[in-house]
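This report refers to the structure that appears directly beneath it.
What follows is calculated from the coordinates using simple rules that are stated; it is not laboratory data. Source: prediction; values computed, not measured. Note: ideal-geometry Cβ built from the backbone for every residue, glycine included; neighbour counts use all protein chains shown.
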Amino acid sequence: MAERMYSVEEVADLLGLHVRTVRGYIRAGRLEAVRIGKQYRISAAALEALTGGPRPAVGGPGGAPGGGGAGRAEVSSIVQVDGVGRVAADRLATVVLAGVNTGRGGGGAVRVQTVHDEERGRMKIVVLGGVAATAEVLRLIEAVLDGGVLEDGPAGGRKDGDG
């Protein structure tokens, strides 16, 4: 049947972005959308293309046979961390971005965006890149969360005594 279509607001929520950012991506041509009346609708395929899905072959149906690009996989992950105050969110974003920017190479480039919703005490980390490099970033996030780096006093509220 018909492919799932998302509103600008749904895409913004899924990716942890501001609605204006999503509209900017549409205007700039980074995100393909269909205008229906006064609203945009984004297909699942267009959303996947934005978040690092497979890119269409430029030269023809097979690309370059035997070339290094065959079999390349990309991952898009959204990590949601609840119960995070602004200070802890800033700290986590700094640690993750510093870890990504050390440029270890290997698994390919990784793109990371962080968004903190202070009203809900929620942080989203969007990670786009190669499988190995994304796994490294996810391990880093897990280590930071397990290490208690985010405990910022009264807003924390959750302490595990597994120490």
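Quick check: pseudo-label points 7 Å beyond the Cα along Cα→Cβ at Ala45 and Arg23, how many nm apart are they?
Label-label distance for Ala45 and Arg23, simple model: 2.7 nm.
Extending each Cα 7 Å along its Cβ direction at Asn101 and Arg4, get the distance between those two points in nm, one decimal.
In this crude spin-label approximation the distance works out to 3.5 nm.
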